[in-house]
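Undergrad: What follows is a structure written as structure tokens; I'll ask about it next.
The values are calculated or read from the model by the stated rules, or taken from the named source; none is laboratory data. Everything quoted here is computed from the prediction, not taken from an experiment. Don't worry about glycine lacking a Cβ; one is built from the backbone with ideal geometry, like all the others, and counts go over all protein chains shown.
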Amino acid sequence: MVQPEADEAGRRVYLDIEFGYVYGTCRAVMMPIEIGAVVHRPQDDSVRYLGEQFRYDVDVEIWKKVTDECGRTAGVATTVANMGRGEYGMHYDHSYRIPGGGMPAARATARNAFADLRLFMESIVSAGDVPAIVVFAASMEKRAFRAAGFSLDGCMLVDLQREIRRHFRMKQVLSLDRLARLIDFSADDSTVTSTHFRYPVPQECRHLLAAHRGMGDAVRTFLLAREFRERLPHLEARIRPLMETCESDGEEGGCRTGSAGSAADGTAGT
């Protein structure tokens, strides 16, 4: 399961980090651009929503997965954004290269963003009562924590995608988009819900709940983990038929070969 029973005494953190490649670096310079976290206290079933955007005046490539109505990957849309200036949806030119002197500045900006990430993470675990941090596909988070110089310091990093794959003995992994549909995930003006769970969302967070946003994917990961850990028979009844399709159709059936970490998963590299 996602967490052992010994973890009941502490808070659980469900986390998602969104990344971007500095525009024109041929994907040589990556930086975090947004993070979202859901902090859950099992003792009283309360939640807190934490998030931060790393706003620097640098153009970054945003790679967004395009899905069909069933959550299957239909393609990737790439745009350019500048978080510092609040500019989004700018045209992406694959042939553009950053000017010769721009690479050192790009790397310096990325280091600053990773330093911000470290401070955010340290603020979450500083109380010492977080036995585990749960993410969906851990490869990029591991890479980011190394780049940020952040130590888990006794916290367990749980890869929910891997846990689900292991439990169901899947040959392929299911995407978060696909699994969110299987748990009937929805978000409206005041709540986020899955098949068996419902939580209020403060007004200041509601605009951050879209898929492939840091907060949006953290919330989806949180509710998916609850369904997997506490309502497994129901989730299994939804997943088993899909697995049969995946085994025969592969990617076209809504599964993906390998773990998350390609640009097609959302914002670059998530």
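Undergrad: State whether the residues of the range 244-254 include one that is within 24 Å of ALA144 (Cβ to Cβ) and either surrounded by fewer than 21 Cβ atoms within 10 Å (Cβ to Cβ) or at pLDDT 50 or above (or both).
TA: Narrowing the range 244-254 to residues within 24 Å of ALA144 (Cβ to Cβ): none.
Scanning the range 244-254 turns up no residue that is within 24 Å of ALA144 (Cβ to Cβ) and either surrounded by fewer than 21 Cβ atoms within 10 Å (Cβ to Cβ) or at pLDDT 50 or above (or both).
Undergrad: Considering only strands (runs of 3 or more DSSP E) fully contained in the range 12-66, which possess at least 1 residues that are aliphatic (A, V, I, L, M) and crowded, with 23+ Cβ neighbours inside 10 Å?
TA: Qualifying strands (runs of 3 or more DSSP E): 12-22, 30-41.
Undergrad: Taking only the range 100-125 into account, find how many residues are more than 20 Å from ILE35 (Cα to Cα) and touching a Pro at 6+ places or on another chain (Cβ under 6 Å).
TA: Within the range 100-125, residues that are more than 20 Å from ILE35 (Cα to Cα) and touching a Pro at 6+ places or on another chain (Cβ under 6 Å) number 0.
Undergrad: For residues in the range 67-92 being in a loop (DSSP other than H, G, I, E, B) and small (Gly, Ala, Ser), which is modelled with the lowest pLDDT?
TA: Ranking the qualifying residues of the range 67-92, first place goes to GLY71.
Undergrad: Then there is this: Which residues, counting only those in the range 211-243, are small (Gly, Ala, Ser) and either farther than 16 Å from GLU163 by Cα or modelled with pLDDT under 90 (or both)? Working first, answer last.
TA: Initial filter on the range 211-243 (small (Gly, Ala, Ser)): 211, 214, 216, 218, 225, 237.
Hits for the range 211-243 are ALA211, GLY214, GLY216, ALA218, ALA237.
Undergrad: Could you please give the count of residues in the range 1-51 that are farther than 20 Å from TYR199 by Cα, modelled with pLDDT under 95 and among the charged types (D, E, K, R)?
TA: 3
Undergrad: Residues being hydroxyl-bearing (Ser, Thr, Tyr), in contact with a Lys or Arg (Cβ under 6 Å, 6 or more places away or on another chain) and closer than 19 Å to PHE136 by Cβ: count how many of those fall in the range 165-205.
TA: The number of residues fulfilling the criteria is 1.
Undergrad: Looking at ASP159, is it within 23 Å of GLY10 (Cα to Cα), more than 19 Å from the chain's Cα centre (by Cα) and of a type in the set (D, E, K, R)? Quick ask: steps written out before the conclusion?
TA: Values: within 23 Å of GLY10 (Cα to Cα): yes; more than 19 Å from the chain's Cα centre (by Cα): no; of a type in the set (D, E, K, R): yes.
Against the criterion (within 23 Å of GLY10 (Cα to Cα), more than 19 Å from the chain's Cα centre (by Cα) and of a type in the set (D, E, K, R)), ASP159 does not qualify.
Undergrad: Also, I was wondering about something else. Does at least one position in the range 108-131 carry a residue that is in contact with a strand residue (DSSP E or B) (Cβ under 6 Å, 6 or more places away or on another chain) and without any contact (Cβ under 8 Å) to a residue 60 or more places away in the chain?
TA: no
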